[in-house]
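Novice: So that we are looking at the same thing, I have put the structure below in structure tokens.
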Amino acid sequence: MGNTIVFGAAGQLGQCLQAVAQERNLTNIYFLPKAQANVLNKAVLHETFAQYRPAYCINCAAYTAVDKAEDEPEIAYQLNRDAVENLSQLCREFNTTVVHVSTDFVFAGTSYVPLSETDSTEPINIYGQTKLAGENVIPQYLTNYFILRTSWLYSEFGNNFVKTMLRFGKERPELRIIWDQVGTPTYAMDLAACILTIIQRQSQHYGLYHYSNEGLTSWYDFAKSIFELSQMPVTAIPVRTAEYVTKAVRPPYSVMDKAKIKNQLQIEIPYWRDSLAQCLRKLNN
Ligand SMILES: NC(=O)C1=CN([C@@H]2O[C@H](COP(=O)(O)OP(=O)(O)OC[C@H]3O[C@@H](n4cnc5c(N)ncnc54)[C@H](OP(=O)(O)O)[C@@H]3O)[C@@H](O)[C@H]2O)C=CC1
Ligand SMILES: Cc1cn([C@H]2C[C@H](O)[C@@H](COP(=O)(O)OP(=O)(O)O[C@H]3O[C@@H](C)C(=O)[C@@H](O)[C@H]3O)O2)c(=O)[nH]c1=O
């Protein structure tokens, strides 16, 4: 198998990919430092592609601050759209297959039926709009791509809801948590395993896929599970979206249907609460 290069290697998903690659003893996979892998710098990117001549490029670099994106859309667009165009151009030049990660926030979330890859997108915040623009740029340059939309990512690495709940839960006896936004958490280790499996199998079933853990929950129920599995005596108070003000609006329902990735790529997906328990064992030890 040829080389794989990873952008955004120091982020949450990037670190999970490193852990899974190590577990599987994968060689020829390079987790590039930002200086060598600044996705906004075309000259540096070109040198990197010329050096590694990668068969695969995994793009984990992104702008992921959902609320902050409302105040700095230009920066969010640069990272989530323009950088994807830079990578797509180079992937075409070097005949590299790209694995790119997108989000459930491309959906408005107003229907209550699990969303499939063919359902229409209508992002309701800047972050979602920039991620959709990034998705749309790839097929303009490439046919050999995998775009994996995922949701509610968490892990022992980086910033995420699980770590926020553990931190807040140590500081406060009560937390107000939104119960009327429904989706599916995804353990970033599971997503990393899925990405590396696709590459190891050298699958050519290219396209757009949904990947989250199995099942569904609300942020409130997710928080309850975090506290229960961590045996933390925190009272979670269910509140409606209108009672918890945030800068960016979020989709009320963003559960994704994963039939396509299970059937076409034979990916097995763990249940969200089982994966949460696994992550918490690591975090709480
Ligand atoms: N987190 C989540 O809940 C979800 C994430 N996703 C998607 O999954 C992917 C991975 O997310 P996640 O790992 O959580 O994100 P993180 O925010 O943890 O990681 C993003 C990484 O991108 C890096 N980065 C920023 N600017 C550049 C640049 N110019 N060149 C190279 N790297 C850069 C960041 O580095 P630095 O910190 O140094 O700026 C950071 O390491 C993203 O595409 C995201 O949109 C989808 C659904 C849910
Ligand atoms: C911290 C906190 C959050 N919330 C709510 C706000 C929000 O609706 C929800 C999640 O908040 P967060 O800010 O942690 O997560 P958020 O940044 O909205 O998470 C999203 O990130 C981007 C990158 C994605 O792509 C999405 O899939 C999704 O994971 O929980 C509470 O109700 N109470 C709280 O104490």
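Novice: Does segment 71-80 include one or more residues that are over 21 Å from Leu132 (Cα atoms) and touching a Ser or Thr at 6+ places or on another chain (Cβ under 9 Å)?
Specialist: no
Novice: Only one of (1) touching a residue at least 40 places away in the same chain (Cβ under 8 Å); (2) within 30 Å of Tyr220 (Cβ to Cβ) fails for Ala83. Which number is that?
Specialist: Of (1) touching a residue at least 40 places away in the same chain (Cβ under 8 Å); (2) within 30 Å of Tyr220 (Cβ to Cβ), only one is false for Ala83: (2).
Novice: Right, here's the next one. Only residues that are surrounded by fewer than 20 Cβ atoms within 10 Å (Cβ to Cβ) and within 10 Å of ligand 2 (Cβ to nearest atom): list them for segment 161-177, please.
Specialist: Phe161, Lys163, Thr164, Arg167, Phe168, Arg172, Leu175, Arg176
Novice: Out of all the residues in segment 60-70, is one or more over 29 Å from Thr246 (Cβ atoms), in contact (Cβ under 8 Å) with a residue 24 or more places away in the chain and surrounded by fewer than 22 Cβ atoms within 10 Å (Cβ to Cβ)?
Specialist: Within segment 60-70, none of the residues are over 29 Å from Thr246 (Cβ atoms), in contact (Cβ under 8 Å) with a residue 24 or more places away in the chain and surrounded by fewer than 22 Cβ atoms within 10 Å (Cβ to Cβ).
Novice: Is it the case, given these coordinates, that Ile237 is farther than 15 Å from Ser151 by Cβ and surrounded by fewer than 16 Cβ atoms within 10 Å (Cβ to Cβ)?
Specialist: So Ile237 passes the test.
Novice: Moving on to the next point. Could you please find all residues in segment 183-222 being assigned to a strand (DSSP E or B) and either away from ligand 1 (no atom under 15 Å from the Cβ) or within 17 Å of the chain's Cα centre (by Cα) (or both)?
Specialist: Gly183, Thr186, Tyr187, Gly207, Leu208, Tyr209, His210, Glu214, Ser218
To keep it simple, each residue is scored yes or no on (1) within 16 Å of ligand 1 (Cβ to nearest atom); (2) not hydroxyl-bearing (Ser, Thr, Tyr).
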site: Ala61; (1), (2): yes, yes
site: Gly109; (1), (2): yes, yes
site: Ser116; (1), (2): no, no
site: Pro123; (1), (2): yes, yes
site: Ile126; (1), (2): yes, yes
site: Ser151; (1), (2): yes, no
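Novice: Quick one: what pairs do we get from segment 268-283, first residue under 13 Å from Phe227 (Cα atoms) and modelled with pLDDT of 95 or more, second hydroxyl-bearing (Ser, Thr, Tyr) and part of a helix (DSSP H, G or I), C-beta under 7 Å, 6+ apart or different chains?
Specialist: Listed by first residue and then by second, the contacts come to Arg273/Ser225; Leu276/Ser225.
Novice: Going by what's in this entry, would Glu156 be described as more than 22 Å from Ala69 (Cβ to Cβ) and either assigned to a loop (DSSP other than H, G, I, E, B) or within 15 Å of ligand 1 (Cβ to nearest atom) (or both)?
Specialist: In short, yes.
Novice: Here is a follow-up. Counting only residues that are away from ligand 2 (no atom under 13 Å from the Cβ), touching a residue at least 40 places away in the same chain (Cβ under 8 Å) and within 18 Å of Tyr56 (Cβ to Cβ), how many does segment 112-149 have?
Specialist: Adding up the residues that qualify gives 8.
Novice: Between a first residue in segment 1-17 that is over 19 Å from Val84 (Cα atoms) and a second residue that is of a type in the set (Phe, Trp, Tyr) and more than 8 Å from ligand 1 (Cβ to nearest atom), which pairs have beta carbons less than 6 Å apart while being 6 or more apart in sequence or on different chains?
Specialist: Close Cβ pairs (under 6 Å, with a partner that is of a type in the set (Phe, Trp, Tyr) and more than 8 Å from ligand 1 (Cβ to nearest atom)) amount to Asn3/Tyr52.
Novice: For segment 1-111, give me every one of the strands (runs of 3 or more DSSP E) that falls completely inside it and has 2 or more residues that are more than 16 Å from ligand 2 (Cβ to nearest atom) and over 21 Å from Asn136 (Cα atoms).
Specialist: Answer list for segment 1-111: 4-7, 29-31.
Novice: For a quick check of your reading of the model, give me the residue pairs whose first member lies in segment 30-42 and is modelled with pLDDT under 95, whose second is assigned to a helix (DSSP H, G or I) and surrounded by fewer than 18 Cβ atoms within 10 Å (Cβ to Cβ), with beta-carbon atoms closer than 7 Å and at least 6 apart or on different chains.
Specialist: Every condition considered, the pairs that remain are Gln36/Val44.
Novice: Of all residues in segment 179-208, count the ones that are surrounded by fewer than 21 Cβ atoms within 10 Å (Cβ to Cβ), closer than 29 Å to Pro238 by Cα and among the β-branched types (Val, Ile, Thr).
Specialist: Going through segment 179-208 one residue at a time, the tally reaches 1.
The values are calculated or read from the model by the stated rules, or taken from the named source; none is laboratory data. What you see is a predicted model, and the numbers here were worked out from it, not measured in a lab. As a convention, Cβ positions derive from the backbone with ideal geometry for all residues, glycine included, and neighbour counts pool all protein chains shown.
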